[in-house]
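Notes follow the structure.
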Amino acid sequence: MPEPVVAHSFAKRSQPFSGPGIARAYGSLRLCDAPAAAIRTPGRTRFFHLKNIQELRMFSIVRSIRLPRILAFCSLLLLAACGGGGGGSAPPNPDPPAPSPTLGLASTYTDIGEGMTLGQEHWGSGSGTGQPIDGIQCVNSEAYHIHSIVSIYLNGTRLALPAEIGLKGCTYEIHTHDESGFVHMETEAAKKFTLGQFFSVWGQALGTSEVAGLTGIIRFYLIDNETVTPYTGNPADIEFASRREIAIVVGTPPDALVRHRWPAGM
């Protein structure tokens with residue numbers, strides 16, 4: 001026979017129950033109320049009005065059939081909410097990443113021009129396969145030709161961007177000629193180029209935990225019209241623009257970023 005489901009409600013009574021221990025034994029019952037009980041089985045529900053303490057005790061015995069199970073279930077829910085029965089508190093949330101330090105430009109200008117080497121040499125020169133890489137094709141026309149700068153700092157020291165990135169196999173639409181830091185974008189019509197595409201042509205990693213083999217705390221900055229703006233998004237999505245500098249700072253930042261004097265005509 002299916003196990004009965006016990007429910008109860010309360011109805012007002014002019015003479016409330018009284019007596020020692022009732023409030024302790026039946027704390028869920030208000031003394032000014034007379035309880036009424038319902039025992040529900042499949043297809044039938046029977047209601048009883050409890051008139052004395054003996055009936056109350058008998059109903060409590062029936063009601064207790066499922067009470068241990070309910071209490072056990074509630075205990076499990078409480079344990080889960082508290083993170084188990086070990087008594088320890090939940091681990092604290094990890095600290096948010098440190099904000100990018102405010103960096104400005106040096107007070108004096110540094111000339112930049114083709115054929116120059118700006119920074120300490122760190123990587124070998126040249127990259128390319130002659131096949132399309134990450135949407136970058138070999139150059140067919142120079143009708144659209146703009147320049148940007150990519151500067152990389154490691155613990156306060158500027159590293160020279162390698163020469164001839166994107167010049168092996170063919171001349172790619174995005175490439176370098178020397179170690180000045182200039183990045184050339186040449187194509188037949190205006191086109192969006194991203195830092196991620198440039199690093200794909202270079203064949204180097206680009207992310208927030210590694211840049212071209214360099215690891216540590218890495219931050220990115222955009223410099224437009226001598227205004228420095230921290231960039232906190234996906235570095236692969238950074239877009240090149242005419243006369244924009246993309247500064248990548250790994251580890252300890254420099255006191256200031258180089259303030260470049262662009263040559264006329266670029």
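Values quoted throughout were computed directly from the atomic coordinates according to the rules given, and no laboratory measurement underlies them. The structure displayed is predicted, hence computed values, not measured ones. Because the Cβ atoms are built from the backbone with ideal geometry, glycine has one as well, and the counts that use them run over all protein chains shown.
At Lys192 and Cys138, where each label point lies 7 Å from the Cα along Cα→Cβ, what is the point-to-point distance in nanometres?
Roughly 2.7 nm, to one decimal.
At Asp111 and Thr208, where each label point lies 7 Å from the Cα along Cα→Cβ, what is the point-to-point distance in nanometres?
For the pair Asp111/Thr208, the computed spacing is 4.1 nm.
Can you put Ser127, Ser180 in order of Cβ neighbours within 10 angstrom, beginning with the fewest?
Working: Ser127 23, Ser180 20.
In increasing order of surrounding Cβ atoms, one gets Ser180, Ser127.
Have a look at Ile223, Asn155, Gly115 and report the one farthest towards the positive end of the charge dipole of the range 105-261, computed about the Cα centre with Cβ charges (Lys/Arg +1, Asp/Glu -1).
Asn155
Estimate the FRET efficiency between Thr215 and Thr129 by the formula 1/(1 + (r/R0)^6), using the beta-carbon distance for r and 22 Å for R0, to the nearest 0.05.
Numbers: r = 26 Å, r/R0 = 1.19.
Efficiency, rounded to the nearest 0.05: 0.25.
Identify the GluC sites (Glu not before Pro) of the range 207-256 meeting these criteria: DSSP loop state and at most 13 other C-beta atoms within 10 Å of the C-beta. Can you show the working numbers first?
Working: sites: Glu210, Glu226, Glu239, Glu245; in loops: Glu226.
Here the sparse-neighbourhood loop sites are Glu226.
Under a Cβ-only charge scheme (Lys and Arg +1, Asp and Glu -1), can you give me the dipole magnitude of the range 105-261 about the Cα centre, in debye to the nearest 20? All intermediate terms of the calculation are to be shown ahead of the outcome.
Values: 9 positive and 18 negative charges, 55 e Å.
Result for the range 105-261 is approximately 260 debye, rounded to the nearest 20.
Would you mind getting me the FRET efficiency between Ala236 and Arg261? Use the beta-carbon distance for r and R0 = 25 Å, nearest 0.05. Mind showing how you got there, number by number?
Details: r = 29 Å, r/R0 = 1.18.
Using R0 = 25 Å, I get an efficiency of 0.25.
Among Asp178, Asp134, Asp237, which comes first, second and so on when ranked by fewest other beta-carbon atoms within 10 Å?
Details: Asp178 18, Asp134 13, Asp237 10.
Going from sparsest to densest Cβ surroundings: Asp237, Asp134, Asp178.
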